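Please read the structure below before turning to the comments.
Every number in this text was worked out from the coordinates using simple rules, so none of it is lab data. Computed from a predicted model, the values in this text were never measured in an experiment. Backbone-built Cβ (ideal geometry, glycine too); neighbour counts: all protein chains shown.
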Amino acid sequence: MNTVVLAGGKTSEEMRAATGVENRAMVALGGRMMLDFVVQALTSAKSVDRLYVVGNVPANSAYTLVPERTSLVENLMAGVTAAQADSSGEYILISTSDIPFITSAGVDDFVAQASARRADLCYPIIPMDSYRKRFPQIKRTTLKVREGEFTGGNMMVLRAEFVAKQQETIERAYAARKDVLRLARLLGGNLLIRVLLAQTVAPSQLTIPMLEAGVSRLVGGANVAAIVTEHPEIGTDVDRPEDIDMARKILALV
């Protein structure tokens, strides 16, 4: 499966002060760029064919470098276009550049499960029991549902045709991600109420299929699948100053 790594954009002022670089992908961890760890895992994965990196980062023979655009969604579209031009494959794997602990086994497991579901969009979710065993020192945003407590990952498998046809829908969903009222309209008020109840008093009010249906509405009726993975590394991003020392300590023990 052709794979796109999103390595564009600028970090926060706090991250720039802590790391000395503007691009999160180029943060140094143990003498290597954070992007290098992600590229190594992806190129070692059996499920990954050609690799494309979108961003203002150094060129590398391991991947095709795609020039950065002006927004995350435009970077996504540029990466998908480049990956699709070199392949007739139906699906594309998308990864962020700030998950330095990712393993090739985790990548292959996610791709295998996503391929079996054959949805338009597959997103990984990690059981918090598994996450806490692997990374007890890291705090994560979680979601409680009838099936358990989960945190999200930093990869997606997308049907290329879906991305090509739904750019406006993707932009609208991305713009609404931090606006509760806009999200309520897109997801549906009933689902939003269930989400709030599940996080406070009644997790049984919300299920994974309900969330899949809600996200489907959010992205224009696409077939959406949540993929449960037991590989916590897929969701461990380094995007805050306090994450840097933690990441360096963990990598020093590997």
Indicate the gyration tensor shape class of the range 205-254 (rounded, prolate or oblate), computed on the Cα atoms with a ≥ b ≥ c the square roots of the eigenvalues: a/c under 1.5 is rounded; otherwise a/b larger than b/c is prolate and the rest oblate. prolate
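In what sequence do 174, 63 fall when counting other Cβ within 10 Å, fewest first?
Details: 174 14, 63 21.
Listing 174, 63 from fewest to most nearby Cβ atoms yields 174, 63.
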Run through the range 1-44 and list the trypsin sites (Lys or Arg not before Pro) located in a DSSP loop whose Cβ has at most 13 other Cβ atoms within 10 Å. 10
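Determine the sum of side-chain charges near residue 92: Lys and Arg each +1, Asp and Glu each -1, restricted to other residues whose C-beta is under 13 angstrom from that of residue 92.
On the way: positive: 50, 159; negative: 49, 86, 90, 120, 161.
Charge balance in the 13 Å sphere: -3.
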Farthest toward the dipole's positive end in the range 92-151, which of 148, 94, 122, given Cβ charges of +1 (Lys, Arg) and -1 (Asp, Glu) about the Cα centre? 148
Could you work out the helix-only [θ] at 222 nm for the chain, with each DSSP H run of four or more residues adding -39,500 (n - 2.57) and the total divided by the number of residues, to the nearest 500 deg cm²/dmol? -13000 deg cm²/dmol
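In percent, what relative contact order does the range 1-64 have, based on Cα pairs under 8 Å that are 6 or more apart in sequence? Let's see the in-between values first.
Values: 82 pairs, mean separation 27.1, N = 64.
Normalised by residue count, the contact order of the range 1-64 is 42 percent.
I need the peptides 76-88, 100-112 ranked by packing, meaning the mean over residues of other C-beta atoms within 10 angstrom, with the highest value on top.
On the way: 76-88: 17.8, 100-112: 20.6.
Peptide ranking by packing, descending: 100-112, 76-88.
Please state the shape class of the range 1-79: rounded when a/c is under 1.5, otherwise prolate if a/b exceeds b/c and oblate if not, all from the C-alpha gyration tensor. Present the calculation step by step, with values, prior to reporting the outcome.
Values: a/c = 2.41, a/b = 1.31, b/c = 1.83.
Taking the square roots of the gyration eigenvalues as a ≥ b ≥ c, the range 1-79 is oblate.
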